[in-house]
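Remarks on the structure that follows.
The values are calculated or read from the model by the stated rules, or taken from the named source; none is laboratory data. Computed from a predicted model, the values in this text were never measured in an experiment. Neighbour counts are summed over all protein chains in view; Cβ atoms, including those assigned to glycine, are modelled from backbone coordinates with ideal geometry.
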């Protein structure tokens, strides 16, 4: 047994620790308040790369901004999303949004210091645009709390998702943008 002890110690030292993703529900007011910038635009580039530590993969997304609902980062903005694929290596983060070139979205971006911005609340900070007969509509993310859900609901009390909830249907783009602009200037 004493001969195997160094091998066990070596194996324990070389194994990586398990990581968990915890996302607290955030309503539109919280996302707006916490966002450094809220651009609306079209995805023009999606490129995976190694993280700075070379221990993971992240995706760098480039958005051609049409307008900003809060904060202006210029005509194009890059932001990062955890996960992606590089050759035979693939990293998946549950809850992280995926993007495709040509998609139209509104993203709620946060940043720490002079770093590349990131999407707030993983998938909660991405609102996808879709063409409808009446113009553009905004589709909320599936985990966004509704009016019934308490703001800042804890993980112990999950957000209730109800099929057909009027808060989860597509909203006309103009109405959504007005709501976000009001939330962006109101004290919270």
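Here are 110, 56, 83: which of them is at pLDDT 90 or above, over 22 Å from residue 176 (Cβ atoms) and either surrounded by 14 or more Cβ atoms within 10 Å (Cβ to Cβ) or touching a strand residue (DSSP E or B) at 6+ places or on another chain (Cβ under 9 Å) (or both)?
So the residue among 110, 56, 83 that is at pLDDT 90 or above, over 22 Å from residue 176 (Cβ atoms) and either surrounded by 14 or more Cβ atoms within 10 Å (Cβ to Cβ) or touching a strand residue (DSSP E or B) at 6+ places or on another chain (Cβ under 9 Å) (or both) is 83.
Which residues, taken from region 102-131, are assigned to a loop (DSSP other than H, G, I, E, B) and touching a helix residue (DSSP H, G or I) at 6+ places or on another chain (Cβ under 7 Å)?
108, 120, 121, listed by residue number.
On the given criteria, is residue 187 at pLDDT 65 or above, more than 25 Å from residue 45 (Cβ to Cβ) and assigned to a loop (DSSP other than H, G, I, E, B)?
yes
Looking at (1) touching a strand residue (DSSP E or B) at 6+ places or on another chain (Cβ under 8 Å); (2) farther than 22 Å from residue 36 by Cα; (3) modelled with pLDDT under 95, which is the only condition residue 140 fails?
It fails just one condition, (2).
Can you find even one residue in region 72-80 that is loosely packed, with under 15 Cβ neighbours inside 10 Å, in a loop (DSSP other than H, G, I, E, B) and modelled with pLDDT under 90?
no
With respect to residue 116, is the statement that it is buried (at least 18 other Cβ atoms within 10 Å of the Cβ), closer than 28 Å to residue 45 by Cα and either at pLDDT 70 or above or in contact with a strand residue (DSSP E or B) (Cβ under 6 Å, 6 or more places away or on another chain) (or both) true?
Here the answer is no, as residue 116 does not meet what is asked.
Can you find even one residue in region 149-159 that is loosely packed, with under 15 Cβ neighbours inside 10 Å, farther than 17 Å from residue 58 by Cα and modelled with pLDDT of 95 or more?
There is no residue in region 149-159 that is loosely packed, with under 15 Cβ neighbours inside 10 Å, farther than 17 Å from residue 58 by Cα and modelled with pLDDT of 95 or more.
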